[in-house]
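Below is one structure, written out as structure tokens; the observations come after it.
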There are 2 protein chains.
Amino acid sequence: MVQYMTTRLDTSFAALSDATRRGVLEQLGRADASITVLAETFHMTLTGMKKHVGVLEQSGLVTTKKIGRVRTCQLGPRRLEDETAWLERYRRRWDERFDELDKVVEELTRKEKSNERKNRK
Amino acid sequence: MVQYMTTRLDTSFAALSDATRRGVLEQLGRADASITVLAETFHMTLTGMKKHVGVLEQSGLVTTKKIGRVRTCQLGPRRLEDETAWLERYRRRWDERFDELDKVVEELTRKEKSNERKNRK
DNA sequence: CATATACTGAACCATATGGTTCAGTATTTA
DNA sequence: TAAATACTGAACCATATGGTTCAGTATATG
């Protein structure tokens with residue numbers, strides 16, 4: 001089940017690694033849109049946009065529904081919670097890590113000062 | 001400068017989209033490590049690991065220093081702040097969007113009930 | 001000095017990605 | 001019913017990705 005999580009993070013981070021797809025998500029945050037509208041907005045062929053939407057759909061970030069000849073895209077069920085959690089955990093670790101380093105530096109500085117004192121004698 | 005931001009999000013999300021690289025980041029969160037150690041941990045050739053480290057270095061998530069024949073890797077200067085910010089902004093949007101939908105549904109429900117009342121007459 | 005260690009770079013490979021065109025199908029609309 | 005619209009799928013293309021092997025170089029170590 002770690003494997004499962006891992007795979008999902010892979011696909012969602014990959015989905016987010018493209019500027020067009022992030023743009024689509026932002027746009028859908030404002031209003032639902034058809035493939036045609038999205039394709040025009042991002043200066044791309046319908047087929048190209050369809051692929052991006054496919055990727056977003058795969059990762060659960062977008063859902064689509066075809067009514068008549070129009071496929072309408074809207075934000076999907078995933079709220080990127082696991083991704084946010086991963087990033088936050090990482091940042092916590094990062095802070096801890098650098099606090100540690102700070103302490104080491106501090107320690108060294110302290111020793112240096114004490115050496116200075118010794119040298120002054 | 002939006003372009004600049006965009007490119008950076010591209011590369012950092014791409015860096016995070018690989019399980020091995022996320023693993024390396026977690027490991028480096030615990031302790032600095034050489035390429036050899038990382039390669040062993042993730043069952044990969046030195047060359048393969050070197051590439052992953054290269055990607056992480058490109059994205060500013062890792063820095064390395066070669067002392068003698070050993071290259072030591074440690075967490076880099078970037079704290080993934082922009083990435084976290086993007087995700088959080090997205091989630092806010094997502095919440096707003098679904099609140100809106102909720103209101104629409106509520107509105108419909110209200111109308112339905114009022115119709116029921118009318119029909120009962 | 002000889003050998004082992006740690007990395008590096010080039011070359012290769014299979015597959016994925018981000019895009020296109022072209023030739024459809026299905027649905028409006030005039 | 002004819003023409004326009006909206007999408008879809010296959011095929012193609014260039015480049016990127018994640019890995020390998022192999023042949024080095026540079027640095028310890030015995």
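The values are calculated or read from the model by the stated rules, or taken from the named source; none is laboratory data. Keep in mind that what you see is a predicted model, and the values were worked out from it rather than measured. Cβ coordinates were reconstructed from backbone atoms using ideal geometry, including for glycine residues, and neighbour counts include every protein chain displayed. Only protein heavy atoms, including side chains, enter the accessible area calculation; ligands, DNA and RNA are left aside. Shrake-Rupley method; radii C 1.70, N 1.55, O 1.52, S 1.80 Å.
Results, tabulated for the structure shown:
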{"item": "Surface accessible to a 1.4 Å probe, A:His52 within the full protein complex, Å²", "result": "30 Å²"}
{"item": "Loop-located trypsin sites (Lys or Arg not before Pro) in the stretch B:1-91 whose Cβ has at most 13 other Cβ within 10 Å (DSSP)", "result": "B:Arg69"}
{"item": "Under 5 Å, built H, 5+ apart or other chain: amide partners of B:Ser34", "result": "B:Cys73"}
{"item": "Accessible surface, per residue, of the stretch A:2-75 when the full set of protein chains is kept, probe 1.4 Å, Å²", "result": "53 Å²"}
{"item": "Threshold 50 Å², the stretch B:76-96 residues less accessible with all protein chains present than alone (1.4 Å probe)", "result": "B:Arg79, B:Thr84, B:Trp86, B:Leu87, B:Tyr90, B:Arg91, B:Arg93, B:Trp94"}
{"item": "Accessible surface buried once B binds A (1.4 Å probe; total of both sides; Å²)", "result": "3600 Å²"}
{"item": "Sites B:Arg30 and A:Val70 - FRET efficiency at Förster radius 51 Å, r taken between beta-carbons, to 0.05", "result": "0.50"}
{"item": "³J(HN,Hα) computed for each position of the stretch B:29-43 - Karplus, 6.51 cos²θ - 1.76 cosθ + 1.60, integer Hz, glycine/proline x", "result": "x, 8, 6, 4, 8, 7, 4, 4, 4, 4, 4, 5, 4, 9, 6"}
{"item": "Interchain or long-range residues, amide H under 5 Å from B:Ser59's placed H", "result": "none"}
{"item": "Cα→Cβ-extended label distance, 7 Å offset, between B:Val37 and B:Thr63, nm", "result": "1.8 nm"}
{"item": "Span per principal axis, largest first, for the Cα atoms of the stretch B:2-75 (Å)", "result": "40, 24, 23"}
{"item": "Per-residue HN-Hα couplings for the stretch A:57-65 [Karplus 6.51, -1.76, 1.60; θ = phi - 60°; Hz; x = Gly/Pro]", "result": "5, 3, 8, x, 8, 9, 10, 9, 9"}
{"item": "Carbon plus sulfur fraction of accessible area for the stretch B:2-75, probe 1.4 Å, in percent", "result": "55 percent"}
